[in-house]
Structures are given as structure tokens and as C-alpha cells.
Amino acid sequence: MALLSTMLSFAYNALTQGTVPLTSGGGHFVRTGDVRTHYETWGTTGPPVILVHGFAESTFAWHLFGPALAALGYRVFAIDVRGFGYTERRPPYSLSADTTQLQRFITAMHLDAGDAPKPVLVGHSSGAAIIGNLARLHPSLTAGVVFVDGDGTPYGAGPGWAGVFVRDPYMRSIVRLVTRHAWVVSPSYRRLCGSTCPKWTAKEADGWARPFRVPGAEDALEAVIHQGLIGLKPAQIEAIRVPAAVIVGAHDPQMGQGSARTTAARLHTDRVTTIADAGHLVMLAQPHALASAIDADAKAFAGR
């Protein structure tokens with residue numbers, strides 16, 4: 001049976017080879033040190049906000065939320081973290097490297113100029129660790145941070161366990177099953193997102209899956225899975241001393257209300273917002289409600 005499974009895995013991998021160019025997602029690119037970063041932007045004026053996605057996501061995760069926030073008077077940027085989306089694949093895929101990428105993106109967009117308003121940083125899920133780490137190390141670069149459906153730590157049943165049990169050629173087969181066949185992901189999407197999210201159409205599935213077919217994407221994803229989720233230690237989160245807020249979906253299966261309150265305490269803030277009728281992918285389930293919440297947080301940050 002093991003031999004048959006191995007042979008089938010090799011056969012499936014051979015039949016599903018093929019990539020799409022990094023430029024197939026559209027958007028913009030900018031050099032951020034050693035990596036060419038893909039980003040999207042909405043709005044041309046107003047205070048800047050930078051969106052940082054979580055594990056196995058990309059700028060596509062913000063395609064409903066970005067325009068909603070821009071309509072409230074913000075200049076919105078969303079970046080593809082190295083290892084995901086349409087950003088050039090170049091290791092290491094670590095919290096330190098992700099933080100440096102974000103820091104250099106801020107510089108490349110001239111958002112660190114002395115007379116420019118500092119950006120509010122919004123991190124979803126594991127993206128909260130990236131914005132938190134930047135705020136901890138470079139507090140002068142941000143007006144404040146908003147943790148969305150993430151506590152900044154490598155909590156929960158993330159992909160770290162997979163690296164212990166799943167090895168090539170099975171790892172490659174599993175990655176392709178998940179990223180190339182919409183029916184495999186559909187149940188997880190509905191569970192994480194909830195009933196108010198966009199339907200899992202072919203267009204929606206392609207928006208999530210296409211970035212995993214760019215050159216080097218599968219190698220990068222396997223590397224990330226083997227090393228486990230990025231995250232900060234509680235003491236490191238407590239060292240963050242910029243204005244902060246926490247937002248969580250009311251039905252988030254990965255981050256409960258208790259975790260949201262604990263995270264807020266670590267960030268020295270009482271700003272906790274629960275978005276009704278939303279799961280873990282709150283930016284898709286309730287993009288306008290999330291935009292209103294972040295608008296309120298950003299205005300509170302500016303008033304300090």
C-alpha cells in the first residue's frame with residue numbers, strides 16, 4: 001500500500017506540474033531589499049493604512065475590504081508577505097525577514113518621511129505577529145497597530161504539526177490537492193468564513209489558489225509548513241508601546257473572545273471590537289463593518 005501511494009503521488013505530481021507568472025495577479029511591484037514585493041492599493045489620498053495578510057493568504061484576501069476602507073478616506077496598501085501571493089519567493093520565511101520586508105515597504109512608499117502621516121498597520125491572523133514585531137522594534141514607523149483575528153503568537157492548530165508527519169512526495173501532492181482543486185478547500189472556507197462570506201465560486205477559488213502556482217510557491221509553502229507558524233512571545237507583545245486595538249469575528253473558530261481580551265491587555269489597550277456575523281475571515285464576511293471599526297481605531301490613534 002505504501003509503495004502504491006508513493007507511485008500515485010509521484011504520478012499526480014508529474015501530471016500537475018506547471019506555473020503561472022508572478023505578474024498574473026496584476027497589481028504593483030516594488031523592491032524591498034532582497035525581495036520584489038507585490039502589493040495592491042486603493043484610494044489616493046488620506047492617512048495611510050497597510051494591510052498584512054495571514055498564513056496561506058495573499059492580497060486577494062482584502063479585495064472587498066480595501067475599497068471599503070478607501071471609501072472612508074484612507075490610502076490603503078496591501079502587501080504579499082514573502083512566501084505568499086505574487087511576491088518573489090526568496091527564503092528565509094521567518095518573522096525577522098517578514099518584518100524587514102514590511103519595514104522596507106514603508107520606506108519604499110516614502111511613508112517614513114518626517115512630515116508624512118505614519119501608517120496604521122493592520123495584521124490578519126499570523127500577520128498580527130509581523131505588524132506587532134515591527135511596532136516593537138521600530139515604533140516610530142507606525143501610528144498604531146490593529147490585530148485582526150490574531151493574537152500575535154503561534155497559537156492554535158496551525159500547520160506546524162504537518163511537517164512532522166507529512167514528507168515528500170506526499171507533501172507536494174497534498175499542497176497541490178489543496179491549492180488546485182476548489183472542492184477540497186470549500187468546506188474549510190465555509191467553516192472559517194461563515195455564511196456572510198462570498199460564495200465559493202470558480203472566480204473566488206482562483207483568487208485564492210492562483211498565487212500557489214507561481215514559480216517557487218510550493219517549495220516556499222512546504223518550508224513554511226515544516227517550520228511552523230511565526231509568532232511573538234507574550235513578553236514581546238507586552239513590549240509593544242504604540243496605540244493598539246484588537247478586532248475579532250464573533251464566530252472566529254481560531255480566536256475566541258477571551259483570547260481577544262488577553263491580547264488587548266498585552267497590548268495595553270481596552271480597544272476590543274467584535275464583528276457580528278463573522279468568522280475568522282472577517283474582512284470577507286463583513287468588510288464594511290471592519291472598515292468602520294478600523295476607521296474608529298485610526299481616529300482614536302490620531303487623537304492621542
Which listed residue, of Ala157, Ala78, is under 18 Å from Leu281 (Cα atoms), modelled with pLDDT of 95 or more and not aromatic (Phe, Trp, Tyr) = Ala78
query = In segment 200-249, what count of residues is obtained for those that are among the acidic types (Asp, Glu) and closer than 21 Å to Arg82 by Cβ?
reply = 3
message = Being under 26 Å from Leu134 (Cα atoms) and either surrounded by fewer than 19 Cβ atoms within 10 Å (Cβ to Cβ) or not polar (S, T, N, Q) (or both): is that true of Leu192 here?
response = no
ask   = Would a scan of segment 209-221 turn up a residue that is aliphatic (A, V, I, L, M), at pLDDT 85 or above, out of contact with any Pro (no Cβ under 8 Å at 6 or more places or on another chain) and surrounded by fewer than 21 Cβ atoms within 10 Å (Cβ to Cβ)?
value = yes
Some residue of segment 254-271 being among the hydrophobic types (A, V, I, L, M, F, W, C) and in contact with an Asp or Glu (Cβ under 6 Å, 6 or more places away or on another chain) = yes
Residue satisfying all of: in segment 136-156; touching a Leu at 6+ places or on another chain (Cβ under 7 Å) and surrounded by fewer than 21 Cβ atoms within 10 Å (Cβ to Cβ); farthest from Ile247 (Cα to Cα) among these = Leu141
request  = Report yes if some residue within segment 282-304 is under 17 Å from His53 (Cβ atoms), of a type outside the set (Val, Ile, Thr) and modelled with pLDDT under 95; otherwise report no.
outcome  = no
key: For Cys197: the one exception among (1) free of Cβ contacts under 8 Å to residues at least 40 places away in the same chain; (2) over 23 Å from Val81 (Cα atoms); (3) buried (at least 18 other Cβ atoms within 10 Å of the Cβ)   = (1)
query = Among the numbered criteria (1) in contact with a Pro (Cβ under 6 Å, 6 or more places away or on another chain); (2) part of a loop (DSSP other than H, G, I, E, B), which single criterion is violated by Pro92?
reply = (1)
request  = Look through Phe84, Phe55 and report the one residue that is modelled with pLDDT under 95, over 16 Å from Leu121 (Cα atoms) and either not charged (D, E, K, R) or not in a helix (DSSP H, G or I) (or both).
outcome  = Phe55
query = Name the residues in segment 234-250 that are in a loop (DSSP other than H, G, I, E, B) and touching a Gly at 6+ places or on another chain (Cβ under 9 Å), would you?
reply = Ile240, Val242, Pro243, Ala250
request  = Answer yes or no: is there a residue in segment 95-110 that is part of a loop (DSSP other than H, G, I, E, B) and not hydroxyl-bearing (Ser, Thr, Tyr).
outcome  = yes
inquiry  = Yes or no: segment 109-119 includes at least one residue that is over 18 Å from Gly33 (Cα atoms), touching a Ser or Thr at 6+ places or on another chain (Cβ under 9 Å) and at pLDDT 95 or above.
reply    = yes
query = Taking only pairs six or more apart or across chains, which ones have beta-carbon atoms under 9 Å, a first residue in segment 17-29 that is assigned to a loop (DSSP other than H, G, I, E, B), and a second residue that is among the aliphatic types (A, V, I, L, M) and at pLDDT 85 or above?
reply = Thr19/Val214; Thr19/Ala217; Val20/Val214; Pro21/Val214; Gly27/Ala78
task = Please work out which one of (1) surrounded by fewer than 17 Cβ atoms within 10 Å (Cβ to Cβ); (2) at pLDDT below 95; (3) not aliphatic (A, V, I, L, M) is the condition Arg31 fails and give its number.
result = (2)
remark   = Pairs returned, first residue in segment 244-263 that is closer than 23 Å to Thr142 by Cβ and in contact (Cβ under 8 Å) with a residue 60 or more places away in the chain, second residue that is surrounded by fewer than 19 Cβ atoms within 10 Å (Cβ to Cβ) and charged (D, E, K, R), beta-carbon separation under 9 angstrom, 6 or more apart or interchain, are Ala244/Arg271; Ala245/Arg271; Val246/Arg261; Val246/Arg271; Ile247/Arg271
ask   = List pairs: first in segment 226-243 and touching a residue at least 40 places away in the same chain (Cβ under 8 Å) and over 11 Å from Thr153 (Cβ atoms), second among the aromatic types (Phe, Trp, Tyr) and part of a loop (DSSP other than H, G, I, E, B), Cβ under 9 Å, 6+ apart or cross-chain?
value = Gln227/Tyr93
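The values are calculated or read from the model by the stated rules, or taken from the named source; none is laboratory data. Treat the numbers as computed from the prediction; the structure is a model and nothing was measured. Counting neighbours? That spans all protein chains shown, and the Cβs are built from the backbone with ideal geometry, glycine included.
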